[in-house]
Amino acid sequence: MKNIVVLVSGGGTNLQALIDAEKRGGIPGGKITCVISSKSDAYALERAKQNGINTRVLVRRDFADVHAYSKAMLDALNEEKADLVVYAGFMTILDETVCRAYPNKMINVHPALIPSFCGKGFYGLHVHEAALEKGVKVTGATVHFVTEVCDGGPIILQDTVPVLNGDTPEILQKRVMENVEWKLLPKAAALFCQDKIKVVDGRAIVEE
């Protein structure tokens, strides 16, 4: 059984999708063993506690710089014996030491079809604002491995939703979350826990 550690910063809707998937047997071979939050008041912590999942809090401002924070995070992941690290709305920057210590063992969900609308500055509603401004007709979400390049790791899964006339960033964000993010993230975790993802020449090969 692989230990899944989930990193959060906010409400934890993607965490809830993972919890729900695990409860219905949707992540065979994996178990969420710890939730680590960058904010002490994140509601995601309450979701974890309600489901009997161990929690830890590492507040960024309690550390001198990103390197000190990253070391504390790395120590925590090692202590929790993490096999898979899942970014689920984790909004705090870590340095390269963490992803180097867990190569192809950290995954993130991004609310766009990478390589569109990704990289530095593209997070939250900013992604959907950019998609609407560009006038794209479809958008979606991407689950990818975390590397030292922001949103630049091997792509594991993608899926789409239509962009409709009259959409606002908030409406589009909700459609992407409910129809893509909440489905793809647990699916990617399940594939990882069943050893069905291989990285070859910088690309993720998925055995369906």
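The values are calculated or read from the model by the stated rules, or taken from the named source; none is laboratory data. Everything numeric in this text was worked out from a predicted model, so none of it was measured. With ligands, DNA and RNA removed, areas are computed over all heavy atoms of the protein, side chains included. Shrake-Rupley method; radii C 1.70, N 1.55, O 1.52, S 1.80 Å.
Roughly speaking, what is the stretch gain from Lys81 to Lys31, that is 0.36 nm per residue apart minus the C-alpha to C-alpha distance, in nm to one decimal?
Length difference between fully extended and current span is 16.8 nm.
Once phi is turned into ³J(HN,Hα) by the Karplus curve 6.51 cos²θ - 1.76 cosθ + 1.60 with θ = phi - 60°, what whole-Hz value does each residue of the stretch 19-36 show in order, with x for glycine and proline?
Ordered by residue, 3J(HN,Hα) equals 4, 4, 5, 4, 4, 8, x, x, 10, x, x, x, 9, 6, 9, 7, 10, 10 Hz.
If amide hydrogens are placed 1.01 Å from N in the peptide plane, which non-local residues have theirs closer than 5 Å to the one on Asp95?
Long-range HN contacts for Asp95: Ser70.
How much solvent-accessible surface does Leu125 expose, in Å² to the nearest 10, with a 1.4 Å probe and all protein chains in place?
60 Å²
Please give the helix 182-193 orientation as an angle from the longest Cα principal axis of the chain, in degrees from 0 to 90, rounded to the nearest 10.
50 degrees
Going from most exposed to least, what order do Ser9, Ser40 have by accessible area with a 1.4 Å probe?
Ser40, Ser9
Residue-wise, which Karplus ³J(HN,Hα) couplings in Hz belong to the stretch 195-200, taking 6.51 cos²θ - 1.76 cosθ + 1.60, θ = phi - 60°, and x for glycine or proline?
Once θ is set to phi - 60°, the couplings for the stretch 195-200 become 6, 9, 10, 10, 9, 10 Hz.
Ignoring ligands, DNA and RNA, what percent of the 1.4 Å accessible area of the chain is carbon and sulfur?
Solvent-exposed carbon and sulfur of the chain make up 51 percent of the total.
Keeping every protein chain present and rolling a 1.4 Å probe, give me the accessible area per residue for the stretch 52-113 in Å².
48 Å²
Report, by chain and number, residues whose modeled amide H sits under 5 Å from the one on Ile32, excluding near sequence neighbours (fewer than 5 apart, same chain).
For Ile32, whose amide H was placed from the backbone, the distant partners under 5 Å are Ile4.
Please find, in a Gaussian network model of the chain (springs between Cα atoms separated by less than 10 Å), the residue of Ala48, Ala130, Ala64 whose mean-square fluctuation is greatest.
Of Ala48, Ala130, Ala64, the Gaussian network model singles out Ala64 as fluctuating most.
Choose one answer from Ile93, Ile53, Ile197: the residue with the largest mean-square fluctuation in a GNM of the chain with alpha-carbon springs under 10 Å.
In this elastic network of the chain, the residue with the biggest mean-square fluctuation among Ile93, Ile53, Ile197 is Ile93.
Please give the per residue volume of the convex hull enclosing the alpha carbon atoms of the stretch 91-208, rounded to a whole number of Å³.
102 Å³
Mind grabbing the accessible area of His126 for me, 1.4 Å probe, Å², rounded to tens?
Here the residue's solvent-accessible area equals roughly 80 Å².
Please list, in chain and number order, the residues 5+ apart from Ile156 or on another chain whose amide H is under 5 Å from its amide H, with Hs placed from the backbone.
It is Val143, His144, Phe145, by chain and number.
Need the full-extension length gain, Arg61 to Lys196, defined as separation in residues times 0.36 nm minus the C-alpha distance. One decimal, nm.
Taking 0.36 nm per residue and subtracting the Cα distance, the gain is 44.8 nm.
As a quick test, which of the pairs Lys71/Lys196; Lys2/Lys23; Lys39/Lys183; Lys2/Lys120 have an alpha carbon distance above 20 angstrom in this structure?
Long pairs (Cα-Cα over 20 Å): Lys71/Lys196; Lys39/Lys183; Lys2/Lys120.
Quick one: grab the alpha carbon gyration tensor of the chain, order the square roots of its eigenvalues as a ≥ b ≥ c, and give me rounded if a/c is under 1.5, else prolate or oblate depending on whether a/b is larger than b/c.
Cα axes put the chain in the rounded bin.
Using θ = phi - 60° and the Karplus form 6.51 cos²θ - 1.76 cosθ + 1.60, what ³J(HN,Hα) does each residue of the stretch 136-146 get, whole Hz, x for Gly and Pro?
Going residue by residue, I get 5, 9, 9, 9, x, 8, 10, 9, 9, 6, 8 Hz, with x marking Gly and Pro.
Let me cross-check Leu18: its accessible surface, 1.4 Å probe, with only protein heavy atoms counted, in Å² to the nearest 10?
0 Å²
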